[in-house]
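Just below is one structure, and these are the notes that go with it.
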């Protein structure tokens, strides 16, 4: 379970926990020996074959958006719906074996005590907390997914039979393991893959999360500083982030290239100078959400499958937005009443930081993002 605290403690330095070394070592082993990982995956698949054949992947829910939009809190909220199966922190150790890892975690009571995320954003998690895990697989089957010098777009005419067979089986394993009926995933990188996912699963329900650019950019900058500091003090963290496919922040940050390499190069140049650093983030924010808006305008089926969730509205009018989410995703609201009441009471704008931009930086953000923001009703 994720616990939200109003303020995060002030940490002067990063200390990699003992359990972190154990987790990293296991994850590194299975990442290094990929042939073994996929062999074990096949064994687990064969073991579950009889049950897997009975599972239909119907109306999977995909939460996506540029990082720091509010995707984590929506994942945490929806993961409490009994109909949904999602990845958990415990799967980061060996993500290829969700069924068997679940049994091991229960037997040894792994990660049962809450700990604060590396983000230092006041969110506390356990091994049972939902997490973005599936990027580990995407980067194994597709080239250049995290190469900002080429397009990262996977469109609706893309075919990758090996990945699709693996991915479908993996989703079915999660559904069986958690005794649920539908799949829930959060993956920020899916912003460039929505058409592909819709081809794989035509009944997909997409939740596109967006936040007012001033606060989202402030949060992106804050997290970049946090992870850069952690990377200097705990180098193993950089490698672990690479293994799990989290490239949003830190020394090895990689931009999402939504098909415009020239713009990415411009953003990198702006980031290289202190005076234009914030302006670079404004262009990056615009590049992602403009790409999504263009896709939605061009693809009627995708637009119908997508609900735009404005994070600020979720915080200000949670009851209304939660109802919209449940209606769009076709989740039974009767099974969600207690969860809904909890989040209506506890959802609020972050209080552990505030934007600290100069007047010029604020003006730059507004000027660069204004047209894109308007396309999403911001």
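So, of the residues in the range 205-219 that are under 17 Å from the mean Cα position of the chain (by Cα) and surrounded by fewer than 22 Cβ atoms within 10 Å (Cβ to Cβ), which turns out to be farthest from residue 307 (Cα to Cα)? Applying the filter and picking the extreme gives 219. The residues of the range 253-300 that are touching a residue at least 12 places away in the same chain (Cβ under 8 Å), under 26 Å from residue 242 (Cβ atoms) and not in a helix (DSSP H, G or I), listed by number, are 253, 254, 255, 256, 257, 258, 259, 260.
Looking at the structure I just gave you, is residue 361 surrounded by 17 or more Cβ atoms within 10 Å (Cβ to Cβ), within 29 Å of residue 276 (Cβ to Cβ) and at pLDDT 95 or above? So residue 361 passes the test. Residue check: residue 254 meets all listed conditions (1) surrounded by fewer than 21 Cβ atoms within 10 Å (Cβ to Cβ); (2) closer than 22 Å to residue 364 by Cβ but one, namely (2).
From 303, 340, grab the single residue that is crowded, with 17+ Cβ neighbours inside 10 Å, free of Cβ contacts under 8 Å to residues at least 24 places away in the same chain and either in contact with a strand residue (DSSP E or B) (Cβ under 7 Å, 6 or more places away or on another chain) or within 21 Å of residue 186 (Cα to Cα) (or both). So the residue among 303, 340 that is crowded, with 17+ Cβ neighbours inside 10 Å, free of Cβ contacts under 8 Å to residues at least 24 places away in the same chain and either in contact with a strand residue (DSSP E or B) (Cβ under 7 Å, 6 or more places away or on another chain) or within 21 Å of residue 186 (Cα to Cα) (or both) is 340. Considering only residues in the range 343-356 that are outside any loop (DSSP other than H, G, I, E, B) and either in contact (Cβ under 8 Å) with a residue 40 or more places away in the chain or touching a helix residue (DSSP H, G or I) at 6+ places or on another chain (Cβ under 8 Å) (or both), the one that is farthest from residue 226 (Cα to Cα) turns out to be 344.
Is one or more of the residues making up the range 236-245 outside any helix (DSSP H, G or I) and crowded, with 16+ Cβ neighbours inside 10 Å? Yes, the range 236-245 contains at least one residue that is outside any helix (DSSP H, G or I) and crowded, with 16+ Cβ neighbours inside 10 Å. With respect to residue 276, is the statement that it is at pLDDT 95 or above and touching a helix residue (DSSP H, G or I) at 6+ places or on another chain (Cβ under 6 Å) true? Considered against the rule, which asks whether it is at pLDDT 95 or above and touching a helix residue (DSSP H, G or I) at 6+ places or on another chain (Cβ under 6 Å), residue 276 comes out as yes.
In the range 65-147, which helices (runs of 4 or more DSSP H) lie fully inside it and hold 1 or more residues that are modelled with pLDDT of 85 or more and more than 15 Å from the chain's Cα centre (by Cα)?
Per the criteria, 98-108, 135-141.
Being surrounded by fewer than 18 Cβ atoms within 10 Å (Cβ to Cβ), closer than 26 Å to residue 73 by Cβ and either touching a helix residue (DSSP H, G or I) at 6+ places or on another chain (Cβ under 6 Å) or without any contact (Cβ under 8 Å) to a residue 60 or more places away in the chain (or both) is a property that holds for residue 225. The number of residues in the range 167-185 being closer than 26 Å to residue 208 by Cβ, assigned to a loop (DSSP other than H, G, I, E, B) and out of contact with any helix residue (DSSP H, G or I) (no Cβ under 9 Å at 6 or more places or on another chain) comes to 0.
The values are calculated or read from the model by the stated rules, or taken from the named source; none is laboratory data. Only a predicted model underlies this, so the values are computations on that prediction, with no experimental measurement involved. Reconstructed Cβ throughout: ideal geometry from the backbone, glycine too, with neighbour counts over all protein chains shown.
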